[in-house]
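What follows is calculated from the coordinates using simple rules that are stated; it is not laboratory data. Keep in mind the model is a prediction, meaning the values are calculated, not measured. Glycine gets a Cβ as well: all are built from the backbone with ideal geometry, and neighbour counts include every protein chain shown.
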Ligand SMILES: *Cc1c(COP(=O)(O)O)cnc(C)c1O
């Protein structure tokens with residue numbers, strides 16, 4: 001009951017043009033089903049093995065988003081079903097996703113993860129690295145027909161300092177706006193994935209079109225597993 005109530009509270013606060021990814025990492029299937037029965041279909045997971053198991057056990061019409069750091073050698077496990085990969089931060093990874101998508105006769109949507117936080121530990125591309133990859137994609141012969149880059153993703157610094165977070169979201173939005181005119185057969189930036197339980201209102205104010213919310217829906221998690 002709690003989950004359904006939380007979900008309703010959040011969907012009420014999110015404008016219609018903003019998509020909600022319910023982040024269910026570490027949470028049991030029964031929790032996911034409670035959200036599912038309340039109408040939620042998009043779920044986000046961080047761990048490959050966990051997402052594969054949940055996909056096998058839960059309804060087929062769930063759209064699974066991979067939001068964690070993805071290692072190239074694990075792409076093959078999620079390629080048959082993943083709906084959107086949020087954390088792409090290298091050309092090497094992108095090429096592997098394309099290869100595995102092709103094997104599965106699918107096109108997999110991807111977001112480039114940008115490094116916007118102050119912490120060293122957060123993954124993501126610098127603007128220069130993004131530009132290099134975008135230039136590569138705009139070459140007509142980049143030959144990656146089984147991926148589609150549909151936007152950018154970022155995580156703000158873990159801090160109570162709203163000004164700092166806002167600055168980082170605004171920066172990500174400015175990068176998004178700068179490159180969104182660029183187009184290629186497998187590139188069109190439409191989605192800006194930013195905002196979590198603690199900062200999604202701020203993220204939406206700054207232009208987010210997709211929020212990833214876990215603890216505000218499912219309750220706090222136990223200590224995160226190593227990835
Ligand atoms: C865990 C996680 C979230 C959700 O975090 P909450 O604070 O529980 O809402 C969002 N995005 C990513 C990338 C995550 O790893």
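Among 60, 12, which is the only one that is closer than 19 Å to residue 108 by Cα and free of Cβ contacts under 8 Å to residues at least 60 places away in the same chain? Spell out how you get there, then give the answer.
Working: 12 fails: closer than 19 Å to residue 108 by Cα.
Just a single option satisfies the conditions, and that option is 60.
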Problem set entry | Among the candidates 101, 117, residue that is crowded, with 16+ Cβ neighbours inside 10 Å, under 21 Å from residue 48 (Cβ atoms) and within 18 Å of the chain's Cα centre (by Cα) | 101
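Just the residues that are closer than 18 Å to residue 160 by Cβ and either away from the ligand (no atom under 16 Å from the Cβ) or assigned to a loop (DSSP other than H, G, I, E, B) (or both), please, taken from region 171-227.
Going through region 171-227, the residues closer than 18 Å to residue 160 by Cβ turn out to be 194-203, 205-206, 215-216, 220.
Those that are closer than 18 Å to residue 160 by Cβ and either away from the ligand (no atom under 16 Å from the Cβ) or assigned to a loop (DSSP other than H, G, I, E, B) (or both): 194, 195, 196, 197, 198, 199, 205, 206, 220.
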Exercise. On the given criteria, is residue 150 part of a strand (DSSP E or B) and touching a residue at least 24 places away in the same chain (Cβ under 8 Å)?
Worked result: yes
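Is it the case, given these coordinates, that residue 185 is touching a strand residue (DSSP E or B) at 6+ places or on another chain (Cβ under 7 Å) and either over 22 Å from residue 126 (Cα atoms) or loosely packed, with under 15 Cβ neighbours inside 10 Å (or both)? Outline the logic, then answer.
Numbers: touching a strand residue (DSSP E or B) at 6+ places or on another chain (Cβ under 7 Å): no; either over 22 Å from residue 126 (Cα atoms) or loosely packed, with under 15 Cβ neighbours inside 10 Å (or both): yes.
No, not satisfied.
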For this session: With the condition kept exactly as written, say whether any residue in region 52-65 is more than 15 Å from the ligand (Cβ to nearest atom), under 17 Å from residue 153 (Cβ atoms) and over 13 Å from the mean Cα position of the chain (by Cα).
Result: no
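Matching residues to (1) more than 20 Å from residue 100 (Cα to Cα); (2) free of Cβ contacts under 8 Å to residues at least 60 places away in the same chain; (3) surrounded by fewer than 18 Cβ atoms within 10 Å (Cβ to Cβ):
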| site | (1), (2), (3) |
| --- | --- |
| 16 | yes, yes, yes |
| 19 | yes, no, yes |
| 23 | yes, no, no |
| 32 | yes, yes, no |
| 35 | yes, no, no |
| 41 | yes, yes, yes |
| 79 | no, yes, no |
| 82 | no, yes, no |
| 87 | no, no, no |
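Using the structure shown, decide if residue 164 is surrounded by 13 or more Cβ atoms within 10 Å (Cβ to Cβ), part of a helix (DSSP H, G or I) and more than 21 Å from the chain's Cα centre (by Cα).
Details: surrounded by 13 or more Cβ atoms within 10 Å (Cβ to Cβ): yes; part of a helix (DSSP H, G or I): yes; more than 21 Å from the chain's Cα centre (by Cα): yes.
For residue 164, the condition - surrounded by 13 or more Cβ atoms within 10 Å (Cβ to Cβ), part of a helix (DSSP H, G or I) and more than 21 Å from the chain's Cα centre (by Cα) - is met.
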